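Below you'll find the structure, written out as structure tokens, and then a few comments.
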Amino acid sequence: MAVITLTTDYGWRDPDAAGLRGRVYGEMLQTGTVAPVVDLTHSIQAGNLNEAAYILRGAYRDFPAGSIHLVLVDSIFWPEKPLIYCFLDGHHFLGLDNGLFSMLRPDLQPTSRVLIDLKNRLDCTSAEALLAAAAAHLLDGGSPSLLGPPASDWTRMATLHPEVRSENSALIHVQFVDHFGQLVTDADQEWIQRWSHSRPIETSIRGQKVSKWWGLNRLTAGDLYFRYNRYGYLEIGMNEGSGDKALAAARLLGVQAGDAIELRAL
């Protein structure tokens, strides 16, 4: 069974996310085809496309093939930026053509792209209403081609990626600070092993050395560590940095998303 997911930067306190959810249910009831609606997150930092791409990239593959992912981040620029549909890696994505979808899987090209132009839905006067109607149409088995004209191209945005400086030095970047304050970098395990030739790695951030690994070295309270997260990305965290110490590593190091870190291979 397909699932509809919602990802926005609307936050959880304002009525916007709940209103979007209500519109999706209303459209499904009109078509008579209903599916679960899952709030992926509404906590994306306002307008942060990199953060949205990381979260969506990590989560969408756990949903059934054919699921419909409705994404509204930085939507204040609609209608200047049009709405777009794309079919990527067996999933349907609906949102603004602001570059986010090009960042989602830079290694893959969508098999279908359509500009959303529902001329028969004059009652849909907002981006939320149009995307909810498009999602219900797809869920009901409607053809994506009926959503509007084909899009020969889309807005492209570059993603953060590691930069090799020498055989012993590379620049990696913080792409996300997770709930536990761990710094999620843009370097995945495959890239690091290829660049370092499986040599030990270390870094220093604001004078704090990081060389130990979670699960491999004995850690004491306050130790910084490396680990690979479930999506394969290198993370830097602080031991016992959960609970009332959440965000401990990020705060201790004074690092935020987008910052560069020098990584050394020994």
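The values are calculated or read from the model by the stated rules, or taken from the named source; none is laboratory data. For clarity, every value in this text was computed on a predicted model and none was experimentally measured. So basically every Cβ, Gly included, is an ideal-geometry build from the backbone, and we count neighbours across all protein chains shown.
Within the range 162-180, one or more residues are small (Gly, Ala, Ser) and surrounded by fewer than 16 Cβ atoms within 10 Å (Cβ to Cβ).
Residues that are under 16 Å from Leu131 (Cα atoms) and in contact (Cβ under 8 Å) with a residue 40 or more places away in the chain within the range 35-54 comprise just one, Ala35. Condition first: closer than 19 Å to Pro150 by Cα and without any contact (Cβ under 8 Å) to a residue 24 or more places away in the chain. Can you find one or more residues in the range 55-65 that meet it? Scanning the range 55-65, I find no residue that is closer than 19 Å to Pro150 by Cα and without any contact (Cβ under 8 Å) to a residue 24 or more places away in the chain, so the answer is no.
Filtering the range 197-211 to residues that are within 28 Å of the chain's Cα centre (by Cα) and over 13 Å from Ala265 (Cα atoms) leaves Ile205, Arg206.
For (1) assigned by TED's automatic domain parsing to the domain that holds Ser112; (2) touching a Ser or Thr at 6+ places or on another chain (Cβ under 6 Å); (3) modelled with pLDDT under 90, each residue gets a yes or a no:
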| site | (1), (2), (3) |
| --- | --- |
| Ala170 | no, no, no |
| Leu183 | no, no, no |
| Ser198 | no, no, no |
| Thr203 | no, no, no |
| Val210 | no, yes, no |
| Gly215 | no, no, yes |
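Mind checking which residues of the range 12-35 are among the small types (Gly, Ala, Ser), part of a loop (DSSP other than H, G, I, E, B) and exposed (fewer than 14 other Cβ atoms within 10 Å of the Cβ)? Walk me through it before giving the result.
Of the range 12-35, the ones among the small types (Gly, Ala, Ser) are 17-19, 22, 26, 32, 35.
So of that shortlist, the ones also part of a loop (DSSP other than H, G, I, E, B) come out as 32, 35.
Passing the criteria: only Gly32.
The requirement of being surrounded by fewer than 21 Cβ atoms within 10 Å (Cβ to Cβ), basic (Lys, Arg) and closer than 29 Å to Arg230 by Cα is fulfilled somewhere in the range 59-73, by at least one residue.
The residue that is nearest to Ala170 (Cα to Cα), counting only those in the range 207-236 that are among the basic types (Lys, Arg) and in a loop (DSSP other than H, G, I, E, B), is Lys212.
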